[in-house]
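Heads up, the thing below is written out as structure tokens.
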Amino acid sequence: MITITSVEAQSRFGELIDRSQREPIEVTRRGRTVAYVISEHDMQELVTVRKRREEAARWYSQYRQNVAVQPDAPTLTDADVDRLVHESR
């Protein structure tokens, strides 16, 4: 990833857009990162990952609620776990 200043980005915007098709570009102002310029393809990948993460979080939340709702579910003690481990061997 290359880094350019905001002044350079303004004066070389066309080149910046072309370059962003090959790799993300970090834009800085006064030495601090203020923006990234990325291709449409990279942006779609980020959106897809965000959606999948949100779906996974919703699924897990629902799963945890379903597990917590079952008050009659047996609880395992350490002794139960040890017994089950030894039985499975």
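Quick note: the coordinates plus some simple rules give every number you see, no bench work behind them. Everything numeric here is computed off the predicted structure, so don't read it as measured data. Counting neighbours? That spans all protein chains shown, and the Cβs are built from the backbone with ideal geometry, glycine included.
Numbers below:
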quantity	calculated
Fewest-first ranking of V34, V27, using other Cβ atoms within 10 Å as the exposure measure	V34, V27
Ranked list, fewest to most other Cβ atoms within 10 Å of each Cβ, for Y36, Y63	Y63, Y36
Crossing angle, helix 78-88 versus the chain [Cα axis fit, 0-90 degrees, rounded to tens]	90
³J(HN,Hα), Karplus 6.51/-1.76/1.60, whole Hz, each residue of the stretch 25-37, x for Gly, Pro	10, 8, 10, 10, 9, 6, x, 10, 5, 10, 6, 10, 10
Ratio Rg/Rh [Cα only; Rh per Kirkwood] for the chain	1.41
Structure-based [θ]222 nm, the chain - -39500 (n - 2.57) summed over DSSP H runs of at least 4, per residue, nearest 500	-20000 deg cm²/dmol
